[in-house]
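What follows is one structure encoded as structure tokens, with my remarks underneath.
The values are calculated or read from the model by the stated rules, or taken from the named source; none is laboratory data. The shown structure was predicted, so the numbers you read here are calculated from the model rather than taken from an experiment. Backbone-built Cβ (ideal geometry, glycine too); neighbour counts: all protein chains shown.
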Amino acid sequence: MIDTDLIAALREADAVQYGEFELSHGGTSDYYVDKYRFETDPRCLSLIAAAFAERIDEPKLAGVALGAVPLVAVTSVETGLPYVIARKQQKEYGTANLIEGTLEEGEEVLVLEDIATTGQSAVDAAEALREAGARVERVLVVVDREEGARELLADHDLELEALLTATELLDR
């Protein structure tokens, strides 16, 4: 079922933009989903947290740093579930942790991410969590750009679930 309220909120927050954009993986696109627009908008955050909460079965959440931190924080508040943050690389100061927060061996964790394009960030986060002893089987994203993330995640024994696909979001 398409979440028309979330689509409307993302559009109202001007999170969907059209033009010529370079993406983080080096490709280009004629549209851009600006995560900072929806991650700083209270209505968008509230709708995303509620939609994520409806789809969560795992007892712990993980957010991919930095983009998914606001999403995992509001979803934690919405559900009462604890979370950890998966860094892309270790800090070179302080504790030098790759996973921030408390994670127990064998704990089942759901990875939350903002936008899936290639899926590499989610794979990296899941692998870091697995190396830390977690069981990770699913990644839940706000928008799947439908550019290979689902397939890459499947290659790493991860299921991708999206609140919206690019097709749904861009259907004008």
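What are the residues in region 71-84 that are assigned to a helix (DSSP H, G or I), in contact with a strand residue (DSSP E or B) (Cβ under 8 Å, 6 or more places away or on another chain), surrounded by fewer than 21 Cβ atoms within 10 Å (Cβ to Cβ) and of a type outside the set (V, I, T), if any?
Result: A73, S76.
Please state which one of I115, I85 is touching a residue at least 40 places away in the same chain (Cβ under 8 Å) and within 15 Å of the chain's Cα centre (by Cα).
Unique residue meeting the criteria: I115.
I'd like to check which strands (runs of 3 or more DSSP E) are fully inside region 101-172 and have at least 3 residues that are under 23 Å from I7 (Cα atoms) and β-branched (V, I, T).
135-144
Which of the following residues is farther than 20 Å from R87 by Cα and in contact with a helix residue (DSSP H, G or I) (Cβ under 7 Å, 6 or more places away or on another chain): R150, R145?
Among R150, R145, only R145 is farther than 20 Å from R87 by Cα and in contact with a helix residue (DSSP H, G or I) (Cβ under 7 Å, 6 or more places away or on another chain).
Quick check, is L160 hydrophobic (A, V, I, L, M, F, W, C), in contact with a helix residue (DSSP H, G or I) (Cβ under 7 Å, 6 or more places away or on another chain) and surrounded by fewer than 22 Cβ atoms within 10 Å (Cβ to Cβ)?
So L160 fits the description; yes.
Could you say whether any residue in region 99-114 is aliphatic (A, V, I, L, M) and closer than 22 Å to G26 by Cβ?
No.
Just checking, how many residues over region 1-45 are of a type in the set (K, R) and within 16 Å of the chain's Cα centre (by Cα)?
Adding up the residues that qualify gives 2.
Which residue is surrounded by the fewest Cβ atoms within 10 Å (Cβ to Cβ), if the candidates are limited to region 28-59 and must be in a loop (DSSP other than H, G, I, E, B) and without any contact (Cβ under 8 Å) to a residue 40 or more places away in the chain?
So the residue we want is T40.
Kindly check whether there is at least one residue in region 96-111 that is of a type outside the set (A, V, I, L, M, F, W, C), modelled with pLDDT of 95 or more and within 30 Å of R11 (Cβ to Cβ).
No: region 96-111 contains no residue that is of a type outside the set (A, V, I, L, M, F, W, C), modelled with pLDDT of 95 or more and within 30 Å of R11 (Cβ to Cβ).
Suppose we filter Y31, Y83, Y36, Y18 for residues that are closer than 19 Å to V142 by Cβ, in contact with a Lys or Arg (Cβ under 7 Å, 6 or more places away or on another chain) and of a type in the set (S, T, Y); which single one remains?
Result of the check over Y31, Y83, Y36, Y18: Y83.
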